[in-house]
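Inspection log for the structure reproduced underneath, given as structure tokens.
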Amino acid sequence: MFNDIGALELVTLVVLAVLVFGPDKLPKVIQDVTRTIRKIREFSDSAKQDIREELGPEFKDFEFEDLNPKTFLRKQLDNDELGLKEIRNGFDLKKEMAEVTDAVHGRDPESSSSGSSSSASSASSGSGGGRIDMSKKPETPGRTDKPGDDRPPFDMDAT
């Protein structure tokens, strides 16, 4: 419960408790606090048990920690019924990112792995060889209705 309290902080709390309550009342206060915490835990456990009984036998393995969205998703994704572990293991993020980078720069995946001199020559060779040219085409000013233009004409009344 108090995992992040250090030794110096604990000593400070004890000294403050002695100063506030006094050495003669401090044991009674500690007993009252521990009794209250124990009753709160018992009340929480009985409430959880009542909820489990009301839900019925189909929710016998229900845990209240599963109500946390992160825990619920982690539990569902670790479940191997969907075969997600195989998909996750078959996905190589570095390889995928290298392919995307090569496609953006207009290089073939084979040429980027063979060396930098061949990739420089393939980048300067143009858009041949079945590669997709992803460079932005310069627009000519004044012509918006040229054939092959996929954008509809601009309509001032529509905006």
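The conditions of being of a type outside the set (A, V, I, L, M, F, W, C) and either in contact (Cβ under 8 Å) with a residue 40 or more places away in the chain or open to solvent by less than 100 Å² (accessible area, probe 1.4 Å) (or both) are met by Arg52.
Filtering the stretch 1-20 to residues that are under 30 Å from Leu67 (Cβ atoms) and open to solvent by 100 Å² or more (accessible area, probe 1.4 Å) leaves Met1, Phe2, Asn3, Asp4.
The one condition from (1) modelled with pLDDT of 80 or more; (2) at negative phi that Asp92 does not meet is (1). Of the numbered criteria (1) at pLDDT 75 or above; (2) in a helix (DSSP H, G or I), the one Ser117 fails is (1). If the condition is being surrounded by 10 or more Cβ atoms within 10 Å (Cβ to Cβ) and part of a loop (DSSP other than H, G, I, E, B), then the stretch 21-38 contributes Gly22, Lys25.
The values are calculated or read from the model by the stated rules, or taken from the named source; none is laboratory data. Note that this is a predicted model, so its numbers are computed, not measured. Please note: Cβ atoms are built from the backbone with ideal geometry, for glycine as well, and neighbour counts cover all protein chains shown. With ligands, DNA and RNA removed, areas are computed over all heavy atoms of the protein, side chains included. Shrake-Rupley method; radii C 1.70, N 1.55, O 1.52, S 1.80 Å.
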